[in-house]
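One structure is given here, and the rest of the page talks about it.
No lab work stands behind these numbers, since they all come straight from the coordinates. Keep in mind the model is a prediction, meaning the values are calculated, not measured. Don't worry about glycine lacking a Cβ; one is built from the backbone with ideal geometry, like all the others, and counts go over all protein chains shown.
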Amino acid sequence: MAHIIDIEAQFVHLARLALAGRANDVELLSRKTLTRLSDSRPDLANEIKKVLSENATASEIARSRGAAVPLPVDLDSRLELLKRETAPRVEPEPIWASSVRIELEGLLHERARADELSVAGLTPSRSVLLVGPPGLGKTLAARWLAEKLARPLLTLDLASVMSSFLGKTGSNIRVVLDFARRQPCVLLLDEFDAIAKRRDDTAEIGELKRLVTVLIQAIDEWPADGVLVAATNHPELLDPAIWRRFDRIIEFPFPTEQEIQQLLHSLIADQLPETTLQTVATLFAGKSYAEVARAVMRAKRQAILNGEDLSVLLTTLSAPKDRGSQKTRLAWANELRQKGFSEREISQRTGLSRQTLSKYREQA
């Protein structure tokens with residue numbers, strides 16, 4: 001009996017791919033649907049055969065370039081369980097702590113010399129756990145690895161995977177893992193603590209506890225031509241057995257003042273003097289890369305739209321009154337004074353009393 005196609009459901013799925021600009025996926029799903037439609041509609045078979053034949057060359061070219069098959073979907077919602085970046089790019093070059101960069105470049109070095117490891121009966125690192133607070137570059141690291149390895153990046157869509165139907169979440173995770181295993185790629189399991197929680201957590205249902213066993217097995221058996229990357233902001237929630245399975249564990253620390261200054265330099269090079277960047281970097285101490293970048297972008301927009309001074313905006317955004325040493329805030333006050341700000345405005349911006357400002361000015 002011919003397979004009956006749910007045309008409306010297929011059209012919605014096709015439209016979703018098209019509106020997202022995913023041309024390769026649109027082509028592949030179209031060919032698959034037409035082939036199945038040819039069985040159920042013999043009257044269209046010749047026309048379908050003609051369409052497929054005319055586009056065969058384009059399809060072969062796409063496959064030769066590594067065009068991906070359609071992503072797996074949740075059977076109830078029809079939402080895709082993964083997000084795919086076929087050719088991920090990271091610009092500009094990320095700034096990380098030296099310890100993080102050493103680990104990431106070490107993983108690439110292993111891949112570059114995989115043949116030598118194979119002779120010794122070894123494989124390059126296949127799994128890595130990224131640990132640290134939000135905004136420190138964990139997701140960026142996965143994309144960077146995918147770019148350097150020339151692999152597509154597949155990212156677990158947690159909202160689609162976590163089903164309200166009992167038993168479906170575990171099934172969705174298995175589908176995702178099986179799909180990623182079948183192709184050379186970098187698979188990112190972001191917010192890993194949501195699916196790999198401690199099995200002694202009494203608040204969790206049995207399904208998620210069983211899922212930990214599935215994840216452990218997947219990490220142990222991950223193919224050598226791919227990389228599984230898990231990222232978590234809450235390492236204390238992970239099941240202890242998970243930790244031992246990863247080939248590498250990379251901890252992402254908050255940036256130092258020097259690293260913040262490097263980031264500022266990459267974002268606003270040639271716009272501010274180095275002394276101002278040093279002051280701003282000090283005031284940003286304790287903040288994440290993402291927070292710094294967000295504040296810089298906000299200041300740049302405001303400077304353009306309102307005609308305000310970029311350095312003043314940056315120091316205002318970066319330094320709450322309780323942040324930064326007195327020496328740093330006095331240096332900031334001196335910069336504001338040179339720009340023509342009144343003592344009252346300087347006091348409001350730096351959090352220093354006018355008496356302290358007056359005393360410093362007299363000593364300077």
Next on the checklist: Within a 10 angstrom radius of the beta carbon, how do ILE268, ILE7, ILE216 rank from fewest other beta carbons to most?
Outcome noted: ILE7, ILE216, ILE268
Checklist outcome for this item: Taking the stretch 98-251, the equivalent ellipsoid from its C-alpha gyration tensor has semi-axes in Å, biggest first, of 26, 17, 15
Checklist entry - Any idea how far apart LYS83 and ALA15 come out in nm if each label point goes 7 Å out from Cα toward Cβ? => result 2.3
Checklist entry - Tell me, how many Å apart are the Cα centres for the stretch 101-147 and for the stretch 300-315? => result 39
Checklist entry - Taking LYS50 as the anchor, which lysines have their alpha carbon closer than 23 Å to its alpha carbon, excluding any fewer than eight residues away along the same chain? => result LYS32
Checklist outcome for this item: Counting only DSSP beta bridges fully inside the stretch 98-251, the antiparallel percentage to nearest 5 is 5
Checklist entry - Which value, in debye to the nearest 20, gives the size of the charge dipole of the stretch 257-363 about its Cα centre, when Lys and Arg are +1 and Asp and Glu are -1 at the Cβ? => result 380
Item to check | Residue order, fewest to most beta carbons within 10 Å, for GLU308, GLU236 | outcome: GLU236, GLU308
Item to check | Qualifying GluC sites (Glu not before Pro) in the stretch 109-180, DSSP loop, other Cβ atoms within 10 Å at most 11 | outcome: none
Item to check | Sequence of THR279, THR155 once ranked by neighbouring C-beta atoms within 10 Å, starting from the fewest | outcome: THR155, THR279
Next on the checklist: List the pairs from LYS83/LYS138; LYS138/LYS300; LYS168/LYS197; LYS138/LYS168; LYS83/LYS300 whose alpha-carbon separation is above 21 Å, in the order I gave them.
Outcome noted: LYS138/LYS300; LYS138/LYS168; LYS83/LYS300
Checklist entry - Which shape class applies to the stretch 257-363: rounded if a/c is under 1.5, otherwise prolate when a/b exceeds b/c and oblate if not, where a ≥ b ≥ c are the square roots of the Cα gyration tensor eigenvalues? => result prolate
